[in-house]
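Here is the structure we will look at.
Read-outs throughout are calculated quantities, based only on the coordinates presented, and are distinct from any laboratory measurement. Here the structure is a predicted model, which is why all the values come from computation and not from measurement. Note: ideal-geometry Cβ built from the backbone for every residue, glycine included; neighbour counts use all protein chains shown.
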């Protein structure tokens, strides 16, 4: 029997486990989809090789007296651009423990850059326009995505095995605005689906103009 062990090991290496995809659907108890939630997956025993990178731009623009996007996902160590696209000045700040900073008054077509070097939630505001708010979620996993208008987010290429899924949204009523679930990504690849129901607090209106 032992003679077959090396052959079995070689066969397993020749046919490695396929990566899996995860689709998360987040809704309220009434069935309303929840957008702008950040889905983070941490596979057990996984460690990223090299810096984490995402395909979207690390940009938090100020346009029509709003931040765009409302929620931005970036990896630890990312530098985020803050361009002012409005015809008036903005004064961007955050008092969040994950990143405290201040971008004093700057005008149209000017840009400032901030490096986010600690995982966590960074709440943004404008010292001139109180109605402006947004969030930067700094993550320490390459498996992260934001839910769309349909309340869905897709995570691709998960390694096989157990993993923890954390869903964060600024208005979730749960502790720290998070819901956590356990999953097991199959060795044969394919797609997993995870449905999560969560209550939301009333969100403040985002208004443009003066």
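Structure values in brief
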quantity: Among beta bridges that DSSP assigns inside the chain, antiparallel share in %, nearest 5; calculated: 75
quantity: Residue 64-residue 184 FRET efficiency (beta carbon distance; Förster radius 30 Å; 0.05 resolution); calculated: 0.10
quantity: Gyration tensor verdict on segment 122-193 (Cα atoms; rounded if a/c is under 1.5, prolate if a/b is larger than b/c, oblate otherwise); calculated: prolate
quantity: Highest-first arrangement of 72-82, 55-65, where packing means the average Cβ count within 10 Å; calculated: 72-82, 55-65
quantity: Over the chain, volume per residue of the alpha carbon convex hull, in Å³; calculated: 139
quantity: Using alpha-carbon coordinates, inclination of helix 5-14 to the longest axis of the chain, degrees; calculated: 40
quantity: More than 12 angstrom apart: percent of Cα pairs within segment 90-131; calculated: 60
quantity: Compactness index (Cα Rg / 2.2 N^0.38 Å), segment 67-168; calculated: 1.21
quantity: Rel. contact order, % - alpha carbon contacts under 8 angstrom, at least six apart, the chain; calculated: 32
quantity: Packing-based ranking, highest mean first, of 179-189, 124-134 given that Cβ atoms within 10 Å are counted; calculated: 124-134, 179-189
quantity: Peptides ranked, highest mean first, by Cβ atoms within 10 Å: ranges 85-92, 137-144; calculated: 137-144, 85-92
